[in-house]
Every structure is written in structure tokens, then in C-alpha cells.
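Below: the structure, in C-alpha cells.
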Amino acid sequence: MKKIKLIFILLLLVMFSSCNQIKLENNEAIDLIKKTLELPKSYSEEIGLGWGATSWLDALQEDGLIIYNIEYHGALTDPSLYLFPTETSTPYYLGQDSGSGKYMFKTNDLEFDQITGISIQKESQTAMVRFSLKATNITPVARTLSKISYIKYSLDNPITGELIFKKFDRGWQLQSDQNKTSNDMVNEILKGGK
């Protein structure tokens, strides 16, 4: 009878201690990150006139991706940019923005890569999830813009980030002090601000 009572007490202890544990499995963390950051994302760049424009226009033209001409109309009017995608860049050409006059090119997609760590804080019921993202479907336009540091994030290496999630009765949610749009959060990660 003593053994049965001891086994029963041990089972109760195990049940109570397991109810007090919070866990975040890798698969659940992956789903949370993809949903929070709205991954995968597609990226494009606007090419037009502005400060430093001739450096990236020249680089794109030297790499055989565009042909361009700038027409100057006089001191009091803005110059006009005439840009033509070449055969190499035509599949990535998204058109011209009628409002700004800038030319849009697809550069790459950004996808989830892997979980690099999960740290659980039992007292605050939070989980810091470290992960990496990777650029995929990288276009020749992106390679040229990266080469001249117009695109500042790595196209070849994983890009690290971290998010903090809090455990609620209905599951894990992004900690409220991180309430930003998915684009803002991804842009911070791409800039190295995690």
C-alpha cells in the first residue's frame, strides 16, 4: 500500500511540475516567425533620379541591365530620365511608377532560413527566438545594386534576427513592445537592428 501511495504522489508531482513548464517547440516558433514577419516577402527597388543616382544607373548600365539617358531641360526644370531594360533585366522589370517616374525592378525574395536558438524565461512567460532569414530568387539587378552597396543586406549569407513572444492562455503572441508592422520588423532585421 505504501508503494502505491508513493507512486501516486510521484505522479502528482510530475503532473504539477509539467503543467508549470512553458515550451516553445521549433515548429511552432517557425510558424510564429513566418506569420509575424509575413514571410516569404518579395523585394523590388525603385530606380530614378536623385542624390547619387548616376552611380547606380552607371553600374546597371555597365552590367548590361539597362540603357539610360538623362535629358536636361534648363535650370528651372527637373531633368528627365529615360530608362530601358535590356533583354537580361526585362524579366525583372516591374514598370514605371506614374507618380514618381521611377522604374521598378524585382531584386529578390526573403524567406525564413532556420531557428538558431530559443530562450525561455519562465518567470515572465516569454521566449526569445533567434533565427535567420535568407535572400532567394536573387536577380542580376540585385547583384549589381548589392555590389555598389545600394542594397545593404547580404544576398549570400543568412541574416540574423530575434523576436520575443509572450505566452498567453490562447498561445504565443508577439510581445506588445514590439508592435510594429511586419515590414518595419523585417527592415530592422535587414539593417542589423534585430
Is it fair to say LEU155 is more than 17 Å from ILE33 (Cα to Cα) and either in contact (Cβ under 8 Å) with a residue 24 or more places away in the chain or in contact with a helix residue (DSSP H, G or I) (Cβ under 7 Å, 6 or more places away or on another chain) (or both)? yes
Does region 49-69 hold any residues that are at pLDDT 95 or above, open to solvent by less than 70 Å² (accessible area, probe 1.4 Å) and either among the acidic types (Asp, Glu) or not in a strand (DSSP E or B) (or both), and which are they? LEU57, ASP58, ALA59, LEU60, ASP63, GLY64, LEU65
Restricting attention to region 139-189, report how many residues are open to solvent by 40 Å² or more (accessible area, probe 1.4 Å), among the aromatic types (Phe, Trp, Tyr) and outside any loop (DSSP other than H, G, I, E, B). 1
Looking only at residues that are over 30 Å from TYR93 (Cα atoms) and of a type in the set (Ser, Thr, Tyr) in region 116-138, which one is least open to solvent (accessible area, probe 1.4 Å)? THR126
Does region 96-103 contain at least one residue that is loosely packed, with under 12 Cβ neighbours inside 10 Å and either β-branched (Val, Ile, Thr) or part of a strand (DSSP E or B) (or both)? no
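The values are calculated or read from the model by the stated rules, or taken from the named source; none is laboratory data. Computed from a predicted structure; not experimentally measured. Don't worry about glycine lacking a Cβ; one is built from the backbone with ideal geometry, like all the others, and counts go over all protein chains shown. All accessible areas refer to the heavy atoms of the entire protein, side chains included, with ligands and DNA or RNA removed. Shrake-Rupley method; radii C 1.70, N 1.55, O 1.52, S 1.80 Å.
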